[in-house]
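S.K.: Have a look at this one before I ask anything.
The values are calculated or read from the model by the stated rules, or taken from the named source; none is laboratory data. Keep in mind the model is a prediction, meaning the values are calculated, not measured. Don't worry about glycine lacking a Cβ; one is built from the backbone with ideal geometry, like all the others, and counts go over all protein chains shown. What goes into the accessible areas is simple: the full protein's heavy atoms, side chains included, and nothing from ligands, DNA or RNA. Shrake-Rupley method; radii C 1.70, N 1.55, O 1.52, S 1.80 Å.
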Protein chains: 2
Amino acid sequence: MKLEKLVGDRFKEMPADCEIESHGLMIRGGYMKQVASGIYSSYTPLRRITRKIEQIIREEMDAIDGQEVQLPVLLPASLWEESGRYEDAGKELLPLKDRNNGPLVLAMSHEEAVVHLVREYGQSYAKYPFMLYQIQTKVRDEARPRNGLIRAREFMMKDAYSFHTTWEDLNEYYSKFFEAYEKIFKRVGIPEIIAAVSSTGSNMCHKFMFINPVGEDTVALCSECDYRADAETAESIVENKRSEVSEEIKLVHTPDIRTIEDLCRFLNLPKEKTYKAVVYQKNSNDDYVILFIRGDLDVSETKLKNYLGDDIRPAIITEDSGITPGFIGPYNLKEGYTVLFDKSLKNTNNMCSGANIFDYHYTGLDVERDCGNVEFHDFAKIKDGSICPKCGRHSIKISKGIELGTMLQIGTKYTEAMGMQYLDKEGKSQCPIMGCYGIGIGRLVASICEAHHDSYGPIWPISIAPWQVHLCCVRPDNLEVKKVADKLYEELLKHNIEVIYDDRNVSTGVMFSDADLLGVPVRVVASPRNMKENCVEIATRDKSISLKVPVDEAVEEIMNLINKLKAEV
Amino acid sequence: MKLEKLVGDRFKEMPADCEIESHGLMIRGGYMKQVASGIYSSYTPLRRITRKIEQIIREEMDAIDGQEVQLPVLLPASLWEESGRYEDAGKELLPLKDRNNGPLVLAMSHEEAVVHLVREYGQSYAKYPFMLYQIQTKVRDEARPRNGLIRAREFMMKDAYSFHTTWEDLNEYYSKFFEAYEKIFKRVGIPEIIAAVSSTGSNMCHKFMFINPVGEDTVALCSECDYRADAETAESIVENKRSEVSEEIKLVHTPDIRTIEDLCRFLNLPKEKTYKAVVYQKNSNDDYVILFIRGDLDVSETKLKNYLGDDIRPAIITEDSGITPGFIGPYNLKEGYTVLFDKSLKNTNNMCSGANIFDYHYTGLDVERDCGNVEFHDFAKIKDGSICPKCGRHSIKISKGIELGTMLQIGTKYTEAMGMQYLDKEGKSQCPIMGCYGIGIGRLVASICEAHHDSYGPIWPISIAPWQVHLCCVRPDNLEVKKVADKLYEELLKHNIEVIYDDRNVSTGVMFSDADLLGVPVRVVASPRNMKENCVEIATRDKSISLKVPVDEAVEEIMNLINKLKAEV
């Protein structure tokens, strides 16, 4: 199509509210426009990119025997009540009522809907396994939508659900899915994707992370072995050595001590010898949960939620709570709280903790000696230099990443709750085992842009670029140039090449900066200067290739270059 | 793919809640499942049909220079306040609030959103004309969802919006669109589509009606000329002849007269000599609107709304209203109501109307003589045998139809309300003129099914069929048959033919009834009987073609048949 007719404005200035490059470039390049916080309309270039990505995803889902379906955006709340998520989902779930006061929700995911779709179908073991997927709008009322398509409130998602009769079968299919995801991310041009193992409680889960500084998620990577894990759930391993001489517990006055750093300086202790207390509250009844962890470590809220359920939030400590903020410790702590211990505190002595008295701490604490039966669990966040849970060396590196895909062996959570059963070979009722698999498509586009851009605009991989060729006619008022460019345009279209053709009477500056913003991988320029040599210029958007070729050979050379770029993806 | 793996149940019994064939067949055939009233999930066969229709629509939209965009389902209420529709839209518009209490709506159409998308872009006349379209979910909270995808609450729609600087330009583009719609309906296999002229007030509008008895809309067709119109807005022409002798107005006692039929019998009058009064109320202030029309005619609420606006509903007449139901007439009617006259009452005398007194009527009424200055407007529904507004003969036939597409010259309604302006060549600010164009895709699928089915299932046109070939292997336990069928399956896939392959060990009865329900246009049967002759059977779903061909020639014959069917569409 002609660029002159392409709807959407392109402009130079980075909009003030754009914190990351992809967001800024996709606004500046006329890809999208914000309608409300976290809600965007797509112009044609973005729609074209998205459709190509959708097609790649479809091909890979079909290749592993996926069946495309469509589940509605608007769902009866009753389905979510069946699964128990209506209460649990929190404020991201948007509820509404229809004209008859019937409660509905906007789907933020479709586990309930897919179980509803197949629960009559899947009544015999012979029907299994099967996998359904869809590419459908999701709505999540994010507390803080940001970074354009990275965290939006309405977004397009590929979600897939597989159903199995055995965990072995799920495991096998899960591996296939893993490979399909690797293919998808490779084909759309995400260069470095890490399949980080994660966990929600006991179930296997992988997060496909694009390692990038703008990411809000963190990955733990071992520099010595192939361990890659979601830093939120990666096992935190610490080596505690007890001192040979165990001190007695002792109350010490610690005036004006407000932080662990203050305390360590005051008592000349390393952080490893201190307790940190982190307080949460249950959403359901406001009960307090006090979690003790070694002073140099942080709590992973994901691990805490995997242990306690989602019913938890950071606490607001009231005066009548009996809790002494800043001086909380496990010894002589009042009863009535849920008290948890991270395993970094196991096998420790001579520790310092709060004394539950304002301006006082204990030293010489040995929790197992002083507090009786104590259970330890893994609540700590892994950190740079931590011990790798796989190879055992101090080789963990923490990187930021954008979560582009998830795979989760969700098991029978939904089928059990929603009463989906099949008869097995022995005629016994069983709940099928599910796997869930998601890719956020808008976030993927933004990530591809983060991965492939320069300061002038995106550099789209040819597999998903809105067009393959950007044809510039410099000085269209020059009849000779215009004739050559027009002919080339027609020829390229005849060869089924997707061309955006700029024959506007604008300066080369505007022409090229618009081309940069549209990021089409192959640029072809017809200009008076080239015409003198009877040539056109052919270049890649990233400038790595730039040739002058005779006009007669242009179509062939362009097709060669397109094929070369395709082969590289 | 193998039918054995196709998710979805097929069954024999027409579900009790299905009133029309397409609804029943699409439930029975495993095409969709109801999630809530008017909300459906699609299984794979329906998703495949829908995607093919979407692709046909895309091709035709692109061919008239449409640019595909995507507008969100979730819109801020403020956009709808700008256009004035937030109040007017009524209960079909679903409102909701986000976590910060921000008012949102679920898009039932996207005029506001598209104007929002382009109002900065379209600031110069040089940018015009342009057309944007999308294929996107719509939500309308219908009072009475019914007939499956014919009237759903959530549905997929292709909506398009063109922007112009002159009405001439819009008219020209509107004609192009008209042709594109004709192509689309032809390509998807809707046999008889009527482009019925309609009107919303003064603007040109067409409704593309599929003539079918299950339709809820009505079309007025002239049997003598090419006049085709939406029966709701078609001009009603009546020939009134005044009697030569004008009677005086006279109060008559009409005890126990409750209907016009009673009245005509009691006074020995034809219905044409009576007044009918229809009472409405304004939604905004409950004021009464009394509409008088000739006793043999009905009111078109569409015409009434075009005249008065959407702020109107059938009245509930209270005792203190001063209105005497059953005996309402224009003479001696109390003041304080909006009183309207249909033009069927113009130039009439010796009429009978209610007397606004219980059990009394007037005869001898000449409204222009007795009630002073009276204005007449066209509020009557055209009916069978009415005068054709084009050729003037009594040749109107009323048919039922399903509204599949609309085209509307909506003008500056939205651009004016939302402050979208461009500078014309003289540097003067103008509001662009819009055209809006919609096709409901789910309703289209259901209509194709209504048009093409027998009692055993749908007969999908090849252009949109979920698969092109349904391959049946009868008696797969017969190794010879199975080998031939397997090989044929592989060969067809190699030739890029879409095949659904049934090699289940089921009876031929089940096999063929499933094939009928899936409605795939070409059926190929390998069976022990055919194998004796080294043949397979090739037949069309509608049974019009049925051949036995040697196994070696099967692929070629199948491809020939597919091409023949494609050429017919």
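S.K.: For the protein assembly as shown, report the accessible area per residue in Å² (1.4 Å probe, heavy atoms, rounded to an integer).
M.R.: Values: 48170 Å² over 1138 residues.
So the protein assembly as shown comes to 42 Å² accessible per residue, rounded to a whole number.
S.K.: Take the alpha-carbon centre of region A:453-473, take the same for region B:456-471, and report the distance between them in whole Å.
M.R.: 40
S.K.: So how much accessible area does B:His394 have, in Å² to the nearest 10, using a 1.4 Å probe?
M.R.: The accessible area comes out at roughly 120 Å².
S.K.: Using all C-alpha to C-alpha distances in chain A, build P(r) with 10 Å bins and read off the rounded percent in each one.
M.R.: Spelled out per bin, shortest first, that is 3, 14, 20, 20, 17, 13, 7, 3, 1, 0.
S.K.: Hey, another quick one. Given the pairs A:Lys250/A:Lys381; B:Lys91/B:Lys413; A:Lys91/A:Lys276; A:Lys276/A:Lys305; A:Lys5/B:Lys52, which span a C-alpha to C-alpha distance of over 24 angstrom in this model? Write down the numbers at each step before the final one.
M.R.: Numbers: A:Lys250/A:Lys381 30 Å; B:Lys91/B:Lys413 21 Å; A:Lys91/A:Lys276 30 Å; A:Lys276/A:Lys305 19 Å; A:Lys5/B:Lys52 27 Å.
Check vs 24 Å cut-off fails for A:Lys250/A:Lys381; A:Lys91/A:Lys276; A:Lys5/B:Lys52.
S.K.: Moving on to the next point. Can you compute the FRET efficiency between A:Phe376 and B:Asn505 using 1/(1 + (r/R0)^6), with r the Cβ-Cβ distance and R0 = 51 Å? Round to the nearest 0.05.
M.R.: On the way: r = 57 Å, r/R0 = 1.11.
The value I calculate is 0.35.
S.K.: Further, regarding this structure: Given a Förster radius of 51 Å and the C-beta distance between B:Lys548 and B:Asp298 as r, what FRET efficiency does 1/(1 + (r/R0)^6) yield to the nearest 0.05? Kindly include the intermediate steps, with their values, before the conclusion.
M.R.: Values: r = 58 Å, r/R0 = 1.14.
For R0 = 51 Å, the calculated efficiency reads 0.30.
S.K.: Report the percentage of all Cα-Cα pairs in the protein assembly as shown whose separation exceeds 41 Å, rounded to a whole percent. Mind showing how you got there, number by number?
M.R.: On the way: 365188 of 646953 pairs.
When every Cα pair of the protein assembly as shown is considered, 56 percent fall beyond 41 Å.
S.K.: Would you rank A:Asp230, B:Asp298 by solvent-accessible area, highest first, keeping every protein chain in place and using a 1.4 Å probe? Kindly include the intermediate steps, with their values, before the conclusion.
M.R.: Numbers: A:Asp230 5, B:Asp298 85 Å².
Largest accessible area first, the residues go B:Asp298, A:Asp230.
S.K.: Now a separate question. Give the range of the longest stretch in chain B that excludes all trypsin sites (Lys or Arg not before Pro) found in loop regions by DSSP and having at most 14 other beta-carbon atoms within 10 Å.
M.R.: On the way: sites that count: B:Lys12, B:Arg99, B:Lys241, B:Arg242, B:Arg258, B:Lys334, B:Arg393, B:Lys425, B:Lys428, B:Lys543.
Looking at chain B, B:100-240 is the longest stretch - no exposed trypsin sites (Lys or Arg not before Pro) with at most 14 other Cβ atoms within 10 Å.
S.K.: Still on this structure, please answer the following. Rounded to the nearest 500, what is chain A's calculated 222 nm mean residue ellipticity when only DSSP H runs of at least 4 contribute -39500 (n - 2.57) each, over all residues? Write out the running numbers ahead of the final one.
M.R.: Numbers: 15 runs with 152 residues, N = 569.
Estimated from H runs of four or more residues: -8000 deg cm²/dmol.
S.K.: Next up: Quick one: work out the % antiparallel among DSSP beta bridges in region B:260-393, nearest 5. Before the final figure, lay out the partial values.
M.R.: Values: 15 of 22 bridges.
Rounded to the nearest five, the antiparallel share is 70 percent.
S.K.: Taking +1 at the Cβ of each Lys and Arg and -1 at the Cβ of each Asp and Glu, which of B:Ser344, B:Leu291, B:Ala277 sits farthest along the dipole of region B:250-377 towards its positive end, judged by Cα position relative to the Cα centre?
M.R.: Of the listed residues, the answer is B:Ser344.
S.K.: Could you tell me the total accessible area buried at the A-B interface, probe 1.4 Å, in square angstrom to the nearest hundred?
M.R.: The buried area between A and B, both sides summed, comes to about 5300 Å².
S.K.: Give me a comma-separated list of calculated 3J(HN,Hα) values for region B:507-513, in order, Karplus coefficients 6.51, -1.76, 1.60 applied at θ = phi - 60°, integers in Hz, x for any Gly or Pro.
M.R.: Once θ is set to phi - 60°, the couplings for region B:507-513 become 5, 4, x, 4, 4, 6, 6 Hz.
S.K.: By accessible area of protein heavy atoms, probe 1.4 Å, what ranking do B:Cys431, A:Cys472 get, highest first?
M.R.: Values: B:Cys431 30, A:Cys472 0 Å².
The most accessible residue leads, giving B:Cys431, A:Cys472.
S.K.: Of the accessible area of the protein assembly as shown, with the probe set at 1.4 angstrom, what percent is carbon plus sulfur?
M.R.: On the way: 22650 of 48170 Å².
That share works out to 47 percent.
S.K.: Can you give the accessible area of A:Glu232 in Å² (nearest 10), computed on protein heavy atoms with a 1.4 Å probe?
M.R.: 40
S.K.: To continue, here is another question. Shortest first, in nm, what separates the label point of B:Glu272 from those of the same position in the other copies (7 Å along Cα→Cβ)?
M.R.: 10.8
S.K.: Related question: What is the percent of Cα-Cα separations in region B:58-131 that go past 22 Å? Provide the component values of the computation, followed by the final result.
M.R.: On the way: 986 of 2701 pairs.
Counting pairs separated by more than 22 Å, the tail of P(r) holds 37 percent.
S.K.: Just grab the label-to-label distance for A:Glu13 and A:Lys183, each label 7 Å out from Cα along the Cβ direction, in nm (one decimal).
M.R.: A separation of 4.7 nm, rounded to one decimal place.
S.K.: Continuing with this model, one more query. Please report, in debye to the nearest 20, how large the charge dipole of chain B is about its Cα centre when each Lys and Arg carries +1 at its beta carbon and each Asp and Glu carries -1 there. Display every interim value, and only then the final one.
M.R.: Values: 71 positive and 88 negative charges, 262 e Å.
Here chain B has a charge dipole of around 1260 debye.
S.K.: In region A:25-55, which residues become less accessible by 40 Å² or more once every protein chain is in place, relative to the chain on its own, using a 1.4 Å probe?
M.R.: Buried by 40 Å² or more upon assembly, which counts only protein chains, are A:Lys33, A:Val35, A:Ile39, A:Ser41, A:Ser42, A:Tyr43, A:Thr44, A:Arg47, A:Arg51.
S.K.: Can you tell me the FRET efficiency between A:Glu81 and A:Asp477 if r is taken as the Cβ-Cβ distance and R0 is 60 Å, rounded to the nearest 0.05? Walk me through the numbers before you get to the answer.
M.R.: Numbers: r = 68 Å, r/R0 = 1.13.
Result of the calculation: an efficiency of 0.30.
S.K.: What residues from region B:6-43 fall in the zone where the backbone N is under 20 Å from a label point 7 Å along the Cα-to-C-beta line of B:Gln55?
M.R.: Residues passing the 20 Å test: B:42-43.
S.K.: Further, regarding this structure: Over the Cα atoms of region A:31-161, how large are the radius of gyration and the largest Cα-Cα distance (Dmax), in Å?
M.R.: Gyration radius and largest Cα-Cα distance of region A:31-161: 16.6, 49 Å.
S.K.: With both bridge residues required to lie in region A:420-546, what share of the DSSP beta bridges run antiparallel, to the nearest 5%?
M.R.: 50
S.K.: Given a 1.4 Å probe and heavy atoms of the protein chains only, how would you sort A:Ser513, B:Ser344, largest accessible area at the top? Kindly include the intermediate steps, with their values, before the conclusion.
M.R.: Details: A:Ser513 45, B:Ser344 0 Å².
I get A:Ser513, B:Ser344, largest accessible area first.
S.K.: I'd like to know which of A:Pro103, A:Ile53, A:Gly427 lies farthest towards the positive end of the charge dipole of chain A, counting +1 on Cβ of Lys and Arg and -1 on Cβ of Asp and Glu.
M.R.: A:Ile53
S.K.: Mind giving me the nanometre distance, one decimal, between the label points for A:Asp424 and A:Thr338, set 7 Å out from Cα along Cα→Cβ?
M.R.: 3.2
S.K.: Which percent, nearest 5, of DSSP beta bridges in chain B are antiparallel? Each step should come with its number before you reach the end.
M.R.: On the way: 92 of 114 bridges.
Antiparallel bridges make up about 80 percent of those DSSP assigns within chain B.
S.K.: Additional query: How far is B:Arg529 from the same spot in each other copy, in nm, shortest first, if each label point sits 7 Å from Cα toward Cβ?
M.R.: Once sorted, the set of distances for B:Arg529 reads 7.9 nm.
S.K.: Taking the Cα centre of region A:23-92 as origin, work out the dipole magnitude from +1 charges on Lys and Arg Cβ and -1 charges on Asp and Glu Cβ, in debye rounded to 20. All intermediate terms of the calculation are to be shown ahead of the outcome.
M.R.: Details: 9 positive and 11 negative charges, 166 e Å.
The dipole magnitude comes to about 800 debye.
S.K.: While we're here: Just name one of B:Ile402, B:Gly372, B:Ala355: the one whose Cα is farthest towards the positive end of the charge dipole of chain B (beta-carbon charges, Lys/Arg +1, Asp/Glu -1).
M.R.: B:Ile402
S.K.: Considering chain A, which cysteines have no disulfide-compatible partner, defined as another cysteine with its Cβ under 4.7 Å away?
M.R.: So far as the 4.7 Å Cβ criterion goes, A:Cys18, A:Cys205, A:Cys264, A:Cys352, A:Cys371, A:Cys431, A:Cys436, A:Cys449, A:Cys472, A:Cys473, A:Cys535 stand without a partner in chain A.
S.K.: If you count only protein heavy atoms and use a 1.4 Å probe, how large is the accessible surface of B:Phe512, to the nearest 10 Å²?
M.R.: 70
S.K.: Also, quick follow-up: List the chymotrypsin sites (Phe, Trp or Tyr not before Pro) within region A:354-427 that DSSP assigns to loop and that have no more than 16 neighbouring Cβ atoms inside 10 Å. The partial results should precede the final answer.
M.R.: Details: sites: A:Phe358, A:Tyr360, A:Tyr362, A:Phe376, A:Phe379, A:Tyr414, A:Tyr422; in loops: A:Phe358, A:Phe379.
Those satisfying the criteria are A:Phe358.
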